[in-house]
1. How high is the FRET efficiency from residue 11 to residue 177, r the C-beta distance, R0 30 Å, rounded to 0.05?
2. Which of these, 180, 210, 133, has the largest mean-square fluctuation under a Gaussian network model of the chain (Cα springs below 10 Å)?
3. Residue-wise, which Karplus ³J(HN,Hα) couplings in Hz belong to segment 78-90, taking 6.51 cos²θ - 1.76 cosθ + 1.60, θ = phi - 60°, and x for glycine or proline?
4. If you count, for each residue, the other Cβ atoms within 10 Å and average over each peptide, how do 111-120, 91-100 line up from highest to lowest?
5. Per 0.36 nm of contour for each residue apart, how much would the distance between residue 67 and residue 223 grow if the chain were fully extended, relative to their Cα-Cα spacing?
6. May I have the pair-distance distribution P(r) for segment 142-236, computed from all Cα-Cα distances with 5 Å bins from 0 and rounded to whole percent?
7. Using a simple spin-label model with points 7 Å from Cα along the Cα→Cβ vector, what separation in nm is obtained for residue 153 and residue 137?
8. If you consider only alpha-carbon coordinates, what radius of gyration and Dmax does the chain have, in Å?
Amino acid sequence: RENLRIVGGKVLSIEKAPWQVSLQVRGIHICAGSILSPSVIVTAAHCVWSLRGKHSQIRAGSNYWKRGGQVARIRKITEHPMYNVITYQNDIAILHLSTKLRFGRTTYSIQLASKAPIKGSIVTVSGWGATHDSRTIRSPYLLQANLIMISPQSCRASGYAKKNKAISNGMICAVGNNRDACQGDSGGPLVGDGKLVGIISWGIGCARKDYPGVYTNVAYYRNWILSESYLEDHLDPL
Ligand code: ARG
């Protein structure tokens, strides 16, 4: 039986995740992000290289990445200065929008966590990404899955050890029973206790037993995020 879901997830209404946005190039969903203020979005650094062109936009406030809600253009992209394309260290970036999003039931900001969730906590991942390991097809509507946090130690001791993939302090890991984020979910939120705890970053395949989902540790980058958001956008304090 197939999982026609994030991987192993269920349909999520945007009202329950009003911070979720789709990042698009020429109207095609490529990654996701989270709203921090009416003109500030946080996403993964590995998502932004393709957003630098003229034809990029974000869509907020819709269950569907293709239609509905509101669209905004990107004014400025700030990648973490230490982002490493090979190791995916510091996989975080801030987008400043050209226009402010109108906030309401379907479009709203999320607060940054100040502590990474402890192992065993339940967290939620969401996105329009692939619904199966071997698929590149995107989900037309927003999906979510509940996951469980694991410790950095057990993440390091997973299949990533044999593959020489480093789990740095700027990364946290979560697992699910046949549930995971997948291609196209990147940049999107991992939420714990109503706060943004992670940014979907990388993994090997999706929902594979030995390979936990790896997320940028939002608490670890909190000060960088705050300073970058304030810098250009002090009229919209978070
Ligand atoms: N890097 C992927 C993307 O660009 C997301 C990978 C998440 N994978 C995972 N197994 N949790 O969409």
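The values are calculated or read from the model by the stated rules, or taken from the named source; none is laboratory data. This one's a predicted model, so the numbers in the text were calculated from it and none came from an experiment. We place every Cβ from the backbone using ideal geometry, glycine too, and count neighbours over all the protein chains shown. What goes into the accessible areas is simple: the full protein's heavy atoms, side chains included, and nothing from ligands, DNA or RNA. Shrake-Rupley method; radii C 1.70, N 1.55, O 1.52, S 1.80 Å.
1. Values: r = 19 Å, r/R0 = 0.62.
With a Förster radius of 30 Å, E is 0.95.
2. Comparing 180, 210, 133 in the GNM, the peak value goes to 210.
3. Karplus values, whole Hz, x for Gly and Pro: 10, 7, 4, x, 9, 4, 10, 4, 7, 8, 6, 5, 6.
4. On the way: 111-120: 15.2, 91-100: 21.2.
By packing density, highest mean first, the sequence is 91-100, 111-120.
5. Details: separation 156, 0.36 × 156 = 56.16 nm, distance 3.42 nm.
Here the segment from residue 67 to residue 223 would lengthen by 52.7 nm.
6. For segment 142-236, the binned pair fractions read 3, 13, 23, 23, 17, 10, 6, 3, 1, 0 percent.
7. 4.3 nm
8. 16.1, 50
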